[in-house]
Every structure is written in structure tokens, then in C-alpha cells.
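Undergrad: Dumping the structure here so I can ask a few things about it.
Any read-out appearing in this document is the output of simple, stated calculations on the displayed coordinates, not a laboratory observation. Because the structure is predicted, anything quoted here is derived from the model rather than measured. Glycine gets a Cβ as well: all are built from the backbone with ideal geometry, and neighbour counts include every protein chain shown.
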Amino acid sequence: MTRLERFLEILREKELDAALIHRPENVRYLTGGYTGEGFVFLCPDEAVIVTDFRYVEQAGRQAPGLRVVEWTGKKRGEDWARELSDAHGVRKLAVETDFLSHDDYESLRKRLPFVELASLGGIPEELREIKDEGEIACICKAADIASRAFENILERIHPDMTEKQVQILLDYEMLSLGSEANAFDTIAAAGANGSLPHAIPSGYVIQPGDLLTLDFGAKFGGYCSDLTRTVAFGKVSKDLRDVYDLVYDAHMAALAAVKPGAVCGDLDKIARDMIDAHYPGAFGHSLGHGVGLYIHEQPRVSSGSRTVLRPGHVITIEPGVYIPGLGGCRIEDTAILTADGCLDPVTAPKQFIEL
């Protein structure tokens with residue numbers, strides 16, 4: 001059964017006549033490759049991409065099995081939504097209420113007065129949780145690109161560089177190795193800035209004795225990789241080395257427990273208990289998240305999550321410690337669930353590195 005067939009089967013089970021898909025990752029997933037703007041109308045009888053002149057040819061190339069219609073100044077997207085709904089007798093239309101703006105939703109509601117708009121309820125996101133062989137191959141390639149980029153810059157980064165300069169160097173290296181784009185904005189946080197989990201690379205000049213945390217990812221075939229490495233510039237203080245060693249141990253312990261049947265909340269607890277025993281409250285985010293066409297997908301690997309992992313799930317394992325005034329450390333790999341365990345496609349070294 002194809003992705004589209006599985007999606008339409010779920011629509012029927014939920015007594016939904018059709019759906020409009022606007023979220024770019026869901027459009028790409030359900031059409032088999034379309035990456036332009038617009039939306040997709042899906043019902044049991046037809047699948048239609050609705051877009052403007054700029055993307056008509058692109059849609060035909062990327063999704064040859066779907067009909068493509070062009071909106072113009074006189075016939076906008078909402079008009080096409082009504083025409084297609086009328087043509088297929090749609091009375092209950094599912095839309096992405098977690099993505100559409102209030103104004104867009106109201107515009108649809110007014111243009112389709114005799115159609116009930118219902119929430120799609122994350123159906124495409126649920127389908128996207130379990131990756132097939134082609135998706136996993138893309139994620140592995142993206143992880144390989146990012147890993148090689150990290151290794152390539154190790155001999156080129158040094159004190160007196162700014163966080164921003166390191167970010168630019170790493171981004172350029174990933175693109176040079178074949179990344180389609182960054183999976184997300186690269187994080188480079190050195191010295192005291194390391195206590196900021198999502199620090200924005202700045203003009204801070206890296207000093208001897210600093211830890212530098214790099215959180216980055218490449219894209220291949222539309223799929224993301226996600227990894228974090230923390231490196232030392234020269235000899236660091238005992239406090240910082242203790243932080244690194246603890247994060248490394250927590251990371252390895254949680255990663256070793258990843259297998260089919262593992263519960264996401266239990267994985268989080270493994271790392272969190274280890275860190276809280278030494279630095280209570282210093283690990284404030286969840287242990288990880290799903291990765292795919294978007295950098296943060298389901299499932300959440302967080303405290304209290306009862307999601308049971310299955311083959312095809314792709315998650316991150318990324319414990320960290322963040323201490324204001326001192327700095328921080330995070331180590332992250334991506335874990336791909338297999339039939340009897342997990343595959344880690346990240347090959348970048350994660351033992352303590354002094355540059």
C-alpha cells in the first residue's frame with residue numbers, strides 16, 4: 001500500500017471525505033516529491049496539486065501522478081478548494097488546523113459555507129513516524145555528510161576564531177560535501193555561551209580553555225540529520241571536564257537502551273537520573289525527538305512519554321548540562337530503530353577532543 005493509499009484509508013476510517021494539505025513536509029511526503037508552494041486536495045477519487053504559475057511545471061515533474069491546476073488572480077486557492085469539493089461531493093473536509101493561520105482558516109470557511117471543516121489531527125505526521133528503506137537511506141547519507149564535515153573542520157578551528165566563523169566554516173563544509181541545505185540553523189556556543197542550549201552564533205572570540213558546542217545537520221533527499229559535538233580548546237577546567245564526562249556517560253547509557261519495545265520516557269529517565277544526581281535541574285530539555293523531512297518530528301523522547309519504539313522510528317539522543325556562568329555541553333547522535341536494536345549513522349568522533 002502506498003503512502004497516499006494509507007492516508008486515504010485513514011480518512012475513510014475517520015469519516016472524512018477529503019483533505020487539504022498545506023504543510024510543506026506533508027505535501028512532499030504524500031505527493032512523492034513536490035516541494036513547491038500551494039496545497040494538495042486529496043480524496044478517494046483524485047489527488048490534485050493547486051499552485052501558481054511559478055510551480056506548475058515543477059509540480060508536473062516532481063509528482064507526475066497527480067493532476068496540477070493553476071490558480072490565477074481571478075481564481076485563487078480558496079476558489080479551487082470549493083470547486084474541487086463541489087465536484088466530489090465533499091461535506092466534511094479535513095484541514096491542518098495546527099498549521100493554517102487563523103485568517104487562512106477563516107477564508108476557507110467563508111468560501112466553503114456548506115462544507116464542514118474538521119481538524120486533520122496529525123494523520124500525515126503519524127504516517128511519517130515510521131520511515132521506509134528509502135527514507136532511512138537519505139537520513140544515513142545526511143548523517144554521513146554532517147559527520148565528515150565535522151571531522152574536516154577539526155584541524156581548521158582554533159582559539160581566536162569567533163563562534164560565527166566556526167558556524168560559517170561548518171555550514172560551507174556540509175554544502176561542499178553534498179548537503180542540499182542546513183537541516184536547521186547551526187548552533188555554535190563557546191565558553192559561557194555554552195549554557196544556552198539554542199545559542200545563536202555570535203562574535204564571541206573562542207579562548208583557550210573553552211568548550212565549544214556545535215549542533216548541526218545536513219539534508220539529503222529532503223531528509224535531515226541531527227548531531228551535536230562538544231570540543232575543548234586546550235586544557236579545560238576540572239569542572240568542565242567533569243561536565244563533559246557525565247554528559248558522555250549519560251548519552252552512551254541512553255543510546256545503549258534504544259531498541260524496539262523501549263519506551264521513550266524510560267530512555268529520558270536513564271540520562272536524566274544520571275545528570276540530576278550531580279547537576280539537579282541542569283538538563284532542562286527532553287532527551288530527544290524524531291527526525292525526518294522536518295528536524296523535529298514525532299515521537300518525543302521526553303519525560304512521561306509512553307510511546308513505544310518500533311522498527312523504522314528515527315530519534316535523537318541528546319543529553320546536556322547547562323550551567324550559567326560556566327558553560328555547557330551536549331552530545332547527540334541519531335538512532336534508527338531496526339528489527340533487533342538500533343543503527344547509529346553518525347560517525348563523528350565523540351570522545352573528549354582537545355584542539
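Undergrad: Just add up the charged neighbours of D273: K/R +1, D/E -1, any other residue whose Cβ is under 14 Å from the Cβ of D273.
TA: Values: positive: K269, R272; negative: D249, D266, D268, D276.
Around D273, the charge tally is -2.
Undergrad: Along the charge dipole of the chain, Cβ charges K/R +1 and D/E -1, which of T2, I317, P345 sits furthest on the positive end?
TA: Farthest along the dipole direction, towards plus: T2.
Undergrad: Report ³J(HN,Hα) in whole Hz for each residue of region 196-212, in order, from the Karplus equation J = 6.51 cos²θ - 1.76 cosθ + 1.60 where θ = phi - 60°; Gly and Pro get x.
TA: 9, x, 10, 4, 8, x, 10, x, 4, 8, 5, 10, x, x, 7, 8, 10
Undergrad: If you average 1/r over every pair of different alpha-carbon atoms in region 3-128 and take one over that average, what Kirkwood value in Å do you get?
TA: It is 14.4 Å.
Undergrad: What are the ³J(HN,Hα) values, in whole Hz, obtained from phi via the Karplus relation 6.51 cos²θ - 1.76 cosθ + 1.60 with θ = phi - 60°, for each residue of region 266-282 in sequence order, with x given for Gly and Pro?
TA: Result, rounded to whole Hz: 5, 5, 4, 5, 4, 6, 5, 5, 5, 6, 5, 5, 10, 9, x, x, 7.
Undergrad: Within straight cross-link reach of K92, meaning Cα distance under 18 Å, which aspartates and glutamates are found once same-chain residues fewer than 8 apart are removed?
TA: K92 reaches E9, E13, E15, D17, D45, E46, E78, D79, E83, D104, E106, E116.
Undergrad: Let me ask something additional. Given Cβ point charges of +1 (Lys, Arg) and -1 (Asp, Glu) and nothing else, what value in debye, to the nearest 20, does the dipole of region 56-205 about its Cα centre take?
TA: So the magnitude is around 600 debye.
Undergrad: Whose amide H sits under 5 Å from the amide H of A262, counting only residues 5 or more places off or on another chain, with H placed in the peptide plane?
TA: When sequence neighbours closer than 5 places are left aside, the close amide H contacts are L309.
Undergrad: So, one more: Which net charge results when you count Lys and Arg as +1 and Asp and Glu as -1 among the other residues whose beta-carbon is under 13 Å from that of P208?
TA: Net local charge, P208 excluded: -2.
Undergrad: Still on this structure, I have one more. Counting other C-beta atoms within 10 Å, and keeping those with at most 15, which DSSP coil trypsin sites (Lys or Arg not before Pro) do you find in region 208-270?
TA: Within region 208-270, the qualifying trypsin sites (Lys or Arg not before Pro) (loop, at most 15 other Cβ atoms within 10 Å) are K235.
Undergrad: First check a/c for region 164-246, with a ≥ b ≥ c the square roots of the eigenvalues of its C-alpha gyration tensor; if it is under 1.5, answer rounded, and if not, answer prolate when a/b is larger than b/c or oblate otherwise.
TA: Verdict is prolate for region 164-246.
Undergrad: Calculate how steeply helix 238-256 sits against the longest principal axis of the alpha-carbon atoms of the chain, using the helix alpha-carbon long axis, and give the answer as 0 to 90 degrees to the nearest 10.
TA: Helix 238-256 and the main axis of the chain meet at about 40 degrees.
Undergrad: Here's another thing I want to ask about it. Quick one: angle between helix 163-176 and the longest Cα principal axis of the chain, in degrees between 0 and 90, rounded to 10, please.
TA: 60 degrees
Undergrad: Let me ask something additional. Any idea what diffusion coefficient the chain gets from Stokes-Einstein, in µm²/s, Kirkwood Rh on alpha carbon pairs, 20 °C, 1.002 mPa s?
TA: In µm²/s, the coefficient rounds to 97.
Undergrad: What value in Å³ per residue do you get for the convex hull of the alpha-carbon atoms in region 214-355?
TA: Normalising the Cα hull of region 214-355 by residue number yields 104 Å³.
Undergrad: Rg and Dmax in Å for region 200-246, alpha carbons only: what are they?
TA: Both quantities, over Cα of region 200-246: 14.0, 43 Å.
Undergrad: Something else about it: On C-alpha positions alone, give me the angle between the axis of helix 3-13 and the longest principal axis of the chain, in degrees, nearest 10.
TA: Relative to the chain, helix 3-13 is tipped by roughly 60 degrees.
Undergrad: List nothing, just return the count: lysine pairs in region 130-343, 8 or more apart or interchain, with Cα separation under 29 Å.
TA: For region 130-343, the number of qualifying lysine pairs is 13.
Undergrad: Determine the dipole magnitude for region 3-128: charges of +1 sit on the beta-carbon of Lys and Arg, -1 on that of Asp and Glu, nothing else is charged, the reference point is the Cα centre, and the result goes in debye to the nearest 20.
TA: With Lys and Arg at +1 and Asp and Glu at -1, about 200 debye.
Undergrad: Can you tell me, using C-alpha contacts under 8 Å and at least 6 residues apart, the relative contact order of region 3-128 as a whole percent?
TA: On the way: 195 pairs, mean separation 32.2, N = 126.
Relative contact order comes out at 26 percent.
Undergrad: Rounded, prolate or oblate: which fits region 275-340, taking a ≥ b ≥ c as square roots of the Cα gyration tensor eigenvalues, rounded meaning a/c under 1.5, else prolate when a/b beats b/c? Each step should come with its number before you reach the end.
TA: On the way: a/c = 2.48, a/b = 2.03, b/c = 1.23.
Because a/c hits 1.5 or more and a/b exceeds b/c, region 275-340 counts as prolate.
Undergrad: For region 7-50 and region 237-280, what is the centre-to-centre distance using only Cα atoms, to the nearest Å?
TA: Between the Cα centres of region 7-50 and region 237-280 lies a distance of 40 Å.
Undergrad: Dipole magnitude of the chain about its Cα centre, charges +1 at Lys/Arg Cβ and -1 at Asp/Glu Cβ only, in debye to the nearest 20?
TA: Working: 37 positive and 55 negative charges, 60 e Å.
Computed charge dipole of the chain: roughly 280 debye.
Undergrad: Assign one of three labels to region 221-293, namely rounded, prolate or oblate, based on the Cα gyration tensor with a ≥ b ≥ c the square roots of its eigenvalues; rounded applies when a/c is under 1.5, prolate when it is not and a/b is larger than b/c, and oblate otherwise.
TA: The shape class here is oblate.
Undergrad: Count the net charge of all other residues whose Cβ sits under 15 Å from the Cβ of T97, scoring Lys and Arg as +1 and Asp and Glu as -1.
TA: -3
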